[in-house]
Structures are given as C-alpha cells and as structure tokens.
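K.L.:
Quick one: this structure, given as structure tokens, is what I'll be asking you about.
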Amino acid sequence: MKYTEEHEWLDNKDGVITVGITGHAATQLGDVVFVELPEVGLEVTKGEEIVVIESVKAASDILAPLDGEITEVNEALADAPGLVNEDPEAAWFFRMTTTTPEEMDGMMDEDAYKDFSGDA
Amino acid sequence: MRDDIDLLPLPLDALHRALGAKMVPFAGYSMPVQYPAGVMAEHLHTRSQAGLFDVSHMGQVLLRGPDAAAAAERLIPVDLVGLAQGRQRYGMLTLPEGGVADDLMAARRGDELYLVVNGAMKQADLALLKHGLPDHEVILLEDRALLALQGPEAEAALAALVPMVATMRFMDVATAPWRGADLWISRSGYTGEDGFEISLPADAAEAFARALLDDDRVLPIGLGARDSLRLEAGMPLYGQDLTPETTPVEADLGWAIQKVRRGGGARAGGFPGAEVILSQLTAGAPRRRVGLVPDGRAPMRAGVALYESETSTTPIGSVTSGGFGPSVGGPISMGYVPAECRQGTTLYGDLRGRRLPVRVTDLPFHTPRYKR
C-alpha cells in the first residue's frame, strides 16, 4: 500500500491501482453525503480533480494520483457515500492503470504516512 | 497548530476542548464546529433527544431608558410596545433602503428591553442602536454566557435543574435561580425543535453546562449541526440568507411585522426603510426566499447560480444556504428566486459547470415542534 500527501491510498495489483482516501482524511472530512465518480475510460493527468466528495461540512476533490486511465469506479459509493466513513480502507473510489508506474516508488509507505498525517 | 491567536475564547472554551471539540474561528471567536460524535449524529440526536449549544458569541444587549420599547420601534419594525412582560418576539434592525442590518430576539424585562443579536453583527448593532436612540442606554452584557438546549427532551432535562421551565410556553421568557446564579430563560431556539435559550453569568456557565451534560439525554452540539438544523427548519442565517440587500418581505419574514406597524396600523412605519418594506407588504416583493430541493444527491451550497432552463445564460436567482439535511435525508437549500417562481417550479443550478434541476418548495423542510 502506498500513500500520497493528498491522503489517498493506492493499492497496486498487477498494474491495476485501486485508490481510496485514508481514515485520517475521512475523519477530517466528516460524514460524507455525496460522491461524484469519474467515467470509466477517462484519461487523467496527475493532479487533475476527478472525484467530487461532499461531507456535511464542505465539498472537496480527490485528485488523480498518477497519469493514466480510469478502468473501474465504485458505484456503491454513489448510493451509500457513508461507506467512506465506515471503512475508508475498503471504500475504494476508482481503479486505474498508469503510464508512470515508477512514480509509486517515491510515494510514502504506511509508516511514513502515519508520520506525515500525525496519526502515528 | 494554533491559528486562532487573535480569536477570543468563550467562557466554555476549556469545556469544549475537554469534550474533544474541533474548534474553528467564527464571528471573531474560537467556537466548537463539532464534537467527536460528528455533525450527522449531533444533528439527529438534537431531533430525537436534546442538544446543548454554546452560543455565547451572540450579543446580549439591554436597552434602558424612557419607554424603551416604544423607542426601539424607531429601529425595529415589529410590535414591541404590545409585547407583554414575560414574552419575546422575533424582529430585525432595518436600514433606510429597506434591507436588514441584523435579525434578533427582543424580550420585555421590566422597563428594559433585552435583545439577542448575531455575534458577528453585535458591534455594528450597538453603533446603530446608540446612534438611533441617543437618549437611551445601550448595554452589551459581556459577562453573561448564552446556552441553548434544544430537542424533544430539552424540557425534561432542563426541568431536572430548574423545575419551573415546564410551565413555560413557546416564546415565554422567565428568570430563575440556579445555585445562586441568575438564569434568564426563553423557550425558543434556532433548530425547529422545542427548547430553551439560557443566559447566565459567565462564571456559572461551565458548572451549569456540565450539570446538563450529566443527563444522558443531552449531548454537546457544534456549529456544524446548528447550521443543518436551522437550514431544515427554514430559518435564515444572517450574512447569507439575510443581508443589507434583502428586505424582510423578500426574506419571507413579513409575518414578523405585526398589523399595528403596517399601513393603516396605529403605529404604522416610523422605522428605517418603512416606505419600501410597507409597500412590499401590500404589493409584494420582486423576489423571495424559498426552499430548494435539488434532484439527486449533490448538495447545492451558497453561491450556486439558478437558471430558468438548462441553456439560459442569465441567472434569475441564487442559493444562499445549502447542504445535506440529515433528518430530510438528502440535499436541501434555500435561496432567492423571482416572486413568480411558485412552489413546484423547476429551476437549474449551475454545479461545477453542469446544470442540475432543483425544485422550488415552501419552507420549512422540517416542521417545528414547539410547545405553544
């Protein structure tokens, strides 16, 4: 599992990367009430806003963690956005393939992320 | 990290932090936005049992001097002369162009008038009151805290400490002692639930709050849930839904202006903006504050522009408050639309570049349960 400074987790299985947000991020957001997912097949650029996530408090975005293509989205979140708070490690947002897999090597591992987020 | 160096702490600051509140800047104070339960749970708890809110940032003002109620009618377009002892009513300070300078609660306290005004506006309100009433004393009570206890169990929880509150009706005000502290209690609130607002000496506030929180039915509630509760109850928030650019009639607050202050009434007019406001009361206002229910799940928050169709280029209104209504179970908003947009009209809100349908509806979204 790898982590970004935007509080996303990335799980790479044979080149298909599953992306969600961390428990720390879910707690900071508060109760999630709406999730707008990208379309499957969308070509994305790292840093692009591709998911809208709204909590009772505010709207925010999830950014594409890498260059690549969206291959699958978690439709369950559209109907039950609260899953993000219940189990953020299981509530994935989308799966993607990437043209820059080497960038994941530079991302934080779990210990580094805990230090980064202050949840150590 | 502390970025609230310049913020004033409220009397209950230590208690909020001990309860695990997330503190944010609001109206110049450091205020609890939520506790560990979270906004959704806090909101639902207030609707099902009782929530305790610290609203000590609000301005508590005494108006003292000859015929204080009659004098205040020069600035406030509601019937204050006819307001009985032991009763309070909702009102607003108006501006010469007919806009609203602030909204408030006014209660008779003997010969004095006791006003509760918005925290962010209290200094401006004081200036306005002092300027408009030069022969009266205008006193900001800085040594009193203000708590609100709201919800169906509020009466039982408060009566356990102060039994007399069980006899109060909606909008009654009364005083009562508690362990030597002088409580000023009103049966009112800002959530659409039955409940009370309790003004008390700042140095007694923590002990009193802890006594209420010792009751299992009572949870502390932050600003986040206060906002979603009042939104469901259809109540305007000053600075968003109510501003110097909105008249009371446009804001759908005409009900607050009694007949005696309207055209033909014994004390008609005589307040700032009377010409505009009284004429709108008879002829109608060009736009009005309404409820808005977006299709689907996406909340439409303050600032979303409203269009007549999916393709029209000029907005005809805008959202002034919006979010998710936990008791409604979906997104709700309020905003201003042209008067001819009746209930059921579909408009289109511009959300991140897309036009999404939103239905005009009457307020409130949640029917209040007051004890009349």
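The values are calculated or read from the model by the stated rules, or taken from the named source; none is laboratory data. All values reported here derive from a predicted model rather than from experimental measurement. When we count neighbours, we look across all protein chains shown, and the Cβ atoms used for this are built from the backbone with ideal geometry, even at glycine.
K.L.:
Only one of (1) at pLDDT below 95; (2) in contact with a strand residue (DSSP E or B) (Cβ under 9 Å, 6 or more places away or on another chain) is not met by A:Val51, so which one is it?
P.N.:
(1)
Table: residues versus (1) part of a loop (DSSP other than H, G, I, E, B); (2) in the same structural domain as B:Gly325 (by TED's automatic domain parsing); (3) in contact with an Asp or Glu (Cβ under 7 Å, 6 or more places away or on another chain); (4) under 20 Å from B:Gly132 (Cβ atoms).
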residue	(1), (2), (3), (4)
B:Gln240	yes, no, no, no
B:Thr246	yes, no, no, no
B:Val249	yes, no, no, no
B:Trp255	no, no, no, no
B:Gly263	yes, no, no, no
B:Arg267	yes, no, yes, yes
B:Pro272	yes, no, no, yes
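K.L.:
Could you figure out which of (1) loosely packed, with under 15 Cβ neighbours inside 10 Å; (2) more than 22 Å from the chain's Cα centre (by Cα); (3) more than 14 Å from every other protein chain (Cβ to nearest Cβ) isn't true of B:Ser48?
P.N.:
Of (1) loosely packed, with under 15 Cβ neighbours inside 10 Å; (2) more than 22 Å from the chain's Cα centre (by Cα); (3) more than 14 Å from every other protein chain (Cβ to nearest Cβ), only one is false for B:Ser48: (2).
K.L.:
Restricting attention to region B:277-312, which residues are of a type in the set (Val, Ile, Thr) and crowded, with 17+ Cβ neighbours inside 10 Å?
P.N.:
Initially, region B:277-312 is screened for residues of a type in the set (Val, Ile, Thr), giving B:277, B:282, B:290, B:293, B:304, B:311.
Result: B:Ile277, B:Val290, B:Val293, B:Val304.
K.L.:
Taking region B:313-342, which residues are in contact (Cβ under 8 Å) with a residue 40 or more places away in the chain and surrounded by fewer than 21 Cβ atoms within 10 Å (Cβ to Cβ)?
P.N.:
B:Ser327, B:Val328, B:Pro338, B:Ala339, B:Cys341
K.L.:
Oh, and also: What tally of residues in region A:83-117 results from selecting those that are touching a residue at least 24 places away in the same chain (Cβ under 8 Å) and not aliphatic (A, V, I, L, M)?
P.N.:
Residues in region A:83-117 being touching a residue at least 24 places away in the same chain (Cβ under 8 Å) and not aliphatic (A, V, I, L, M): 18 in total.
K.L.:
What is the number of the single condition among (1) in contact with a Cys (Cβ under 9 Å, 6 or more places away or on another chain); (2) farther than 21 Å from B:Gln280 by Cβ; (3) among the small types (Gly, Ala, Ser) that B:Gly317 does not meet?
P.N.:
Unmet for B:Gly317, out of (1) in contact with a Cys (Cβ under 9 Å, 6 or more places away or on another chain); (2) farther than 21 Å from B:Gln280 by Cβ; (3) among the small types (Gly, Ala, Ser): (2).
K.L.:
Can you find even one residue in region A:6-28 that is assigned to a loop (DSSP other than H, G, I, E, B) and within 14 Å of chain B (Cβ to nearest Cβ)?
P.N.:
No, there is no match, as no residue in region A:6-28 is assigned to a loop (DSSP other than H, G, I, E, B) and within 14 Å of chain B (Cβ to nearest Cβ).
K.L.:
Can you confirm whether A:Asp87 is charged (D, E, K, R) and within 28 Å of B:Ser327 (Cβ to Cβ)? Write out each step before concluding.
P.N.:
Numbers: charged (D, E, K, R): yes; within 28 Å of B:Ser327 (Cβ to Cβ): yes.
Criteria met by A:Asp87.
K.L.:
Filtering region A:50-95 down to residues that are more than 11 Å from the chain's Cα centre (by Cα) and of a type in the set (Asp, Glu), which residue is nearest to the other protein chains (Cβ to nearest Cβ)?
P.N.:
A:Glu54
K.L.:
If you take the residues in region B:225-265 that are basic (Lys, Arg) and within 14 Å of chain A (Cβ to nearest Cβ), which one is surrounded by the fewest Cβ atoms within 10 Å (Cβ to Cβ)? Walk me through how you get there before you give the answer.
P.N.:
Let us first name the residues in region B:225-265 that are basic (Lys, Arg), namely B:226, B:230, B:259, B:261-262.
With within 14 Å of chain A (Cβ to nearest Cβ) added as a condition, the list becomes B:226, B:230.
Numbers: B:Arg226: 27, B:Arg230: 20.
Looking at the filtered set, the residue picked out is B:Arg230.
K.L.:
Sort out which residues of region B:9-22 are hydrophobic (A, V, I, L, M, F, W, C) and farther than 17 Å from B:Leu147 by Cα, and write them in order of number.
P.N.:
Across region B:9-22, the qualifying residue is only B:Ala18.
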